[in-house]
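**Q** One structure, as structure tokens, below. Some questions next.
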Amino acid sequence: MSPSVRHERRALLVLTSHSALGDTGKATGYTVSEAADPWKVFVEHGWDVHITTVAGGPAPEDALDLTDPTQAAWHSDPHIQRQMLAATAPAHVNSAIYDLIYFVGGHGAMWDFPDNHDLSVLAASIWEQGGVVAAVCHGPAALTTIRLHNGDLLVAGKKVAAFSNIEENAIGLQDVVPFLLADRLTEVGAKVSKGRKWKSHVVTDGKLVTGQNPASAAGVAEAAIAALS
């Protein structure tokens, strides 16, 4: 069925493949709640959810809490697990079948989301076919370098939310990450909106939907669905 006549909505979750937390010797990856929470929202709205990982194959996990029912459901869902094992890299994803691309956070995203040509092409294609670009927490690291086909940065002049400097300082990783995300977004022309520390803060600017921290993940999904209405 062609994208022009199909009725089912599809969301693509983008997960980092980066597993090293700088030079600390500690592991990182995608923050599991930031994938599980929006996944639940999309599924409850009748959407089909797919996964891509930057390098292909399973994504490294961070902050997994199996006592959380949503994370446990994500972790055990056979559809998600089959996709995770067989995840393709962005270069092999057909952008035409997606209504929405969602950049999941986790500190790993700070290393392999920016300056990724294939991610940029994929997101720009979904955006330019009328789809939504969404990101949460460190996921907006992708927005620092995503360019549209005319060469403009997608995020230039747009209002966004992202993991704040205050939050990065609070967990002591301000000197570990390759850059401070809120500062970099400002440098490339985005208008960064800061909410309260650790509280949900979601910003919609047309078909760009972003959230500040893990608490914002489900809200970004809800707002992204609304942005397509």
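**Q** Rounded to the nearest 20 Debye, what is the dipole magnitude of the chain about its Cα centre when Lys and Arg each give +1 and Asp and Glu each give -1 at the C-beta?
**A** Working: 16 positive and 24 negative charges, 105 e Å.
Charge dipole of the chain: 500 debye, to the nearest 20.
**Q** Label Asp175 and Asp115 with points 7 Å out from Cα along Cα→Cβ: what is the distance between them in nm?
**A** Reported label-point gap for Asp175 and Asp115 is 2.3 nm.
**Q** On the principal axes of its Cα set, how long, how wide and how thick is the range 1-137? Give whole Å, largest value first.
**A** 49, 35, 25
**Q** Students often forget the sequence filter, so: which aspartates and glutamates lie under 12 Å Cα-Cα from Lys191 once same-chain residues fewer than 8 apart are removed?
**A** Partners within reach: Asp183, Asp205.
**Q** Among rounded, prolate and oblate, which fits the range 80-169 when a ≥ b ≥ c are the square roots of the eigenvalues of its C-alpha gyration tensor, a/c under 1.5 means rounded, and a/b larger than b/c means prolate?
**A** oblate
**Q** Give me the aspartates and glutamates in straight-line cross-link reach of Lys197: C-alpha distance below 13 Å, same-chain residues under 8 apart excluded.
**A** Glu167, Glu168
**Q** Right, another one. Tell me, in nm to one decimal, what length is gained between Arg196 and Leu64 on full extension, where the rule is 0.36 nm per residue of separation less the Cα-Cα distance? Display every interim value, and only then the final one.
**A** Numbers: separation 132, 0.36 × 132 = 47.52 nm, distance 2.38 nm.
Extending this stretch completely gives an extra 45.1 nm.
**Q** What percent does the relative contact order of the range 135-214 come to when contacts are Cα pairs within less than 8 Å and at least six residues apart?
**A** Details: 142 pairs, mean separation 31.2, N = 80.
It comes to 39 percent, rounded to a whole number.
**Q** Could I have the simple spin-label model distance between Ile97 and Glu187, label points 7 Å from Cα toward Cβ, reported in nm to one decimal?
**A** 3.8 nm
**Q** Next up: Which of the GluC sites (Glu not before Pro) found in the range 1-91 are loop residues per DSSP with 14 or fewer other Cβ atoms within 10 Å of their Cβ?
**A** Glu8
**Q** Hey, rough spin-label estimate for Asp23 and Leu85, points 7 angstrom out along Cα→Cβ, what's it come to in nanometres?
**A** With each label point 7 Å from Cα toward Cβ, the separation is 3.9 nm.
**Q** Run lengths n ≥ 4 of DSSP H only: what is the helix-derived mean residue ellipticity at 222 nm for the chain, with -39500 (n - 2.57) per run over all residues, to the nearest 500? Before the final figure, lay out each step's value.
**A** Details: 8 runs with 69 residues, N = 229.
Rounded to the nearest 500, the figure is -8500 deg cm²/dmol.
**Q** Are any of the pairs Lys26/Lys199; Lys40/Lys199; Lys26/Lys159; Lys40/Lys194; Lys159/Lys199 more than 23 Å apart by Cα-Cα distance, and if so, which?
**A** Working: Lys26/Lys199 26 Å; Lys40/Lys199 20 Å; Lys26/Lys159 33 Å; Lys40/Lys194 26 Å; Lys159/Lys199 18 Å.
Going by Cα-Cα distance, Lys26/Lys199; Lys26/Lys159; Lys40/Lys194 fall outside the 23 Å limit.
**Q** Follow-up question, since we're still on this one. Quick one: compute the contact order of the chain, relative version, from alpha carbon pairs under 8 angstrom and 6+ residues apart, as a percent. Walk me through the numbers on the way to the answer.
**A** Numbers: 548 pairs, mean separation 46.7, N = 229.
Taking the mean separation of contacting Cα pairs over the length of the chain, I get 20 percent.
**Q** Find the accessible area per residue for the range 1-136; the probe is 1.4 Å, ligands and nucleic acids are left out, and the unit is Å².
**A** Ligands and nucleic acids excluded, the result is 41 Å² per residue.
**Q** Could you tell me what percent of the accessible area of the chain is made up of carbon and sulfur, with a 1.4 Å probe and every protein chain present?
**A** The value for the chain is 50 percent carbon and sulfur by accessible area.
The values are calculated or read from the model by the stated rules, or taken from the named source; none is laboratory data. Please read these numbers as outputs of a predicted model, since none were measured by experiment. Neighbour counts run over all protein chains shown; Cβ positions are idealised from the backbone, glycine included. These area figures cover heavy atoms from the full protein model, side chains too; ligands, DNA and RNA do not enter into them. Shrake-Rupley method; radii C 1.70, N 1.55, O 1.52, S 1.80 Å.
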